[in-house]
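Q: This structure is in structure tokens; I'll ask about it shortly.
Any read-out appearing in this document is the output of simple, stated calculations on the displayed coordinates, not a laboratory observation. This one's a predicted model, so the numbers in the text were calculated from it and none came from an experiment. As a convention, Cβ positions derive from the backbone with ideal geometry for all residues, glycine included, and neighbour counts pool all protein chains shown.
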Amino acid sequence: MSVKTFDLSVSTKGFNDILDITDQVNKILNNNDFSEGSVLIFVPGATAGITTIEYEPGLLKDYPHFMENIIPQNKRYSHNDTWHDGNGFSHVRAALQGASITVPFKSNRLLLGTWQQIVLIDFDNRPRKRKIIVQFNYE
């Protein structure tokens with residue numbers, strides 16, 4: 001098994017900004033000679049997450065509403081008392097979401113479902129430049 005690591009960079013708007021990064025991951029896969037394996041997609045930082053979702057207008061509204069219902073922005077967070085940056089909610093959302101996923105691939109194709117895309121979700125309370133680590137484990 002071999003490992004090769006790449007970086008992606010994206011700009012976000014914050015506040016539950018959801019970006020489809022599937023094409024960027026596919027581009028790396030297609031530009032390399034990996035026969036079969038898995039790819040880890042990881043976002044460093046404590047206020048963003050990575051997952052899969054059907055990237056369509058309804059879910060792009062539903063997902064932020066869901067997060068607001070279970071982890072409201074305007075609630076009191078002890079993190080804000082410590083750092084005074086107002087993004088305690090974003091840390092809790094990111095912790096719940098998770099910072100990475102692993103997707104298998106075969107024959108230069110991600111083995112995602114028909115309606116499944118890889119997304120970065122920026123929960124922070126301001127725009128950010130995000131680095132994403134894309135690490136392939138392959139034969």
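Q: If you project the alpha carbons of the chain onto the principal axes, what extent comes out on each, in Å, largest first?
A: Computed over the chain, the largest-to-smallest principal extents equal 49, 31, 21 Å.
Q: Taking amide hydrogens as modeled 1.01 Å from N in the peptide plane, which residues meet the under 5 Å criterion relative to ILE21, leaving out close sequence neighbours?
A: Distant-sequence amide H within range of ILE21: ILE118, VAL119, LEU120.
Q: Only Cα pairs within less than 10 Å get springs; with that Gaussian network setup on the chain, which residue of SER35, SER90, SER100 has the largest fluctuation?
A: SER35
Q: If you keep only loop residues by DSSP, which trypsin sites (Lys or Arg not before Pro) in segment 21-126 have at most 12 other Cβ atoms within 10 Å of their Cβ?
A: Here the trypsin sites (Lys or Arg not before Pro) that fit, given the DSSP loop and packing criteria, are LYS75, ARG76.
Q: Another question, then. Quick query: amide H of GLU36 versus all other amide H atoms, modeled in the peptide plane; which residues come in under 5 Å with a sequence gap of 5 or more or a different chain?
A: GLU139
Q: For segment 2-138, what relative contact order do you get, as a whole percent, if you take Cα pairs closer than 8 Å and at least 6 residues apart?
A: Dividing the mean separation by the residue count of segment 2-138 yields 55 percent.
Q: What FRET efficiency comes out for ASN108 versus PHE42 if R0 is 22 angstrom and r is the Cβ-Cβ distance? Round to the nearest 0.05.
A: After rounding to 0.05, the efficiency reads 0.55.
Q: If the limit is 24 Å between Cα atoms, which of LYS4/LYS106; LYS27/LYS131; LYS13/LYS131; LYS75/LYS131 go over it?
A: Over 24 Å apart, Cα to Cα: LYS75/LYS131.
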